[in-house]
Amino acid sequence: MSLNKDILRTFLFVLLFAVLVIASLAIGVKQISWLDFTNWQNSEAPVFFISRIPRTVALILAGVGLSISGLIMQQISLNKFVSPTTAGTLDAAKLGILISMIMLPGMASLYQMGFAFLFTVLASLVFMQMLKRIQHRSLIYIPLLGIMFGNVLAAIGTFFAYKFDIVQNMETWLIGDFSKVLKGNYELIYISLPVVALTYLYANKLTTLGLGKDMAKNLGVNYDLIVLVGLICVSLTVSAVMITAGAIPFIGLIVPNIVSLFYGDNLKRSLPITALFGAILLLFSDIISRLIIYPYEIPIGLTIGIIGGIIFLVFIGKRMRYA
C-alpha cells in the first residue's frame, strides 16, 4: 500500500513539474503563438530560444542543485535546519564574487565563480570546525550559529563594498533574479549536473554520515573524504547558481525537510524526489514572481524568501513542540 502511495505521489510530482515547465515557457511579456514558428524572420519566435528556454532550464538546474546541496549539508551536519542559507554558504559566495570584482574587475564569469567556489569551500570548512567544538548540539542553536557566521561574512563584504564604492554591484547579488538569464550567459549552471550525478554515486555513503562520525567509520566509510566531497559539491553548485542568478534562499532548507516527511532519510530513495521537488518549487515561485505585477516582475529571491521563511518558521515550531 505504501509503495502504491509513493508511486502515485511521484507521478503527481512529475505531472506538476511538466505543467510548470509549460507555464514557464508560455508566460512572458511577448505573446508567442505556435504560428510564429512557421514565419521565423517576422515573428517573436527567436525570443523563445534566446530567453524562455534558457530561463526555464536555469530554474530547473538551480532548483535541483540547491535542494540537493541542502540535503548534503544536513547529512554532514546531522541537523535538519542546516543549508546554504543557514550556514553562511551564500554569504561566502557573495564575498568571493566581491573580492573578484575588487582584485580583477571585468573578469569573466568563470573566474568569478572560481573565487566564489574558493571562498565557499573555506567558509564551509570553517563552519564544520565550529560544529566540532560544540558539545551541546541543539537543533536550533546550530543554524542560528550558521546565520551569525553568515552575517559576519556579509558585514565584511559590506565593509569592502563601501571602501571600494561598489555597493550597488554587490546589491545585485543579494536577491536572486532570473530575468537577465539569456542564451550565452547561463551555461555555467550546467556544472550542477555532474554534481548531482556524483551525489547520487555517493548517496549510500552520505546516508551513512547521518549516523554520526563514529558509526560511519565503524561501517568502513572514509568520513573525512566523503565530507570533503560533499562540501565541494555544495560549493560548486552554490557558486554556479550565484553567478547565474544571484542568491536563492531557503530552497536547500525546506525542500529536503518536506521530502523526508514522505520518503524518509535514505538518499538513494529520496534524492530524485528532492531534486524534482526543488525544481517544482523554484518554477512555481518564478511564475508567481512574473504574474503578481504582470507585465513586470519581482525578483524570485523575494518570493522564495517569503515562502521559505514561512515554511521554515512552521518547521521550527513543530520541532520545538516535539523536542
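Only the coordinates and a few stated rules stand behind these numbers; no lab work does. Bear in mind the structure is a predicted one, so any value in this text is a computation, not a measurement. Cβ: placed from backbone, ideal geometry, glycine included. Neighbour counts: every protein chain shown.
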_As a test of the formula, what do you get for the chain when each DSSP H run with n ≥ 4 contributes -39,500 (n - 2.57) and the sum is divided by the residue count, at 222 nm and rounded to the nearest 500 deg cm²/dmol?_
-23500 deg cm²/dmol
_Normalised contact order of the chain, rounded percent, pairs of Cα under 8 Å and 6 or more residues apart_ = 30
*May I ask for the longest run of the chain untouched by trypsin sites (Lys or Arg not before Pro) that are loop-located per DSSP and have at most 16 neighbouring C-beta atoms (other than their own) within 10 Å?*
184-323
*asked:* Suppose the chain between Met130 and Lys217 were pulled fully straight at 0.36 nm per residue; how much longer would it get relative to their current alpha carbon spacing?
replied: 29.2 nm
*Would you order Thr158, Thr199 from fewest to most other beta-carbon atoms within 10 Å of each residue's own beta-carbon?*
Thr158, Thr199
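About the Cα centre of region 2-322, what is the dipole size in debye to 20, counting +1 per Lys and Arg Cβ and -1 per Asp and Glu Cβ, all else neutral? Write down the numbers at each step before the final one.
Working: 22 positive and 13 negative charges, 187 e Å.
Rounded to the nearest 20 debye, it is 900 debye.
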*asked:* For Cα Rg over 2.2 N^0.38 Å, one of (1) 0.96; (2) 1.24; (3) 1.01 was computed from the structure I shared and the rest are decoys. Which label?
replied: (3)
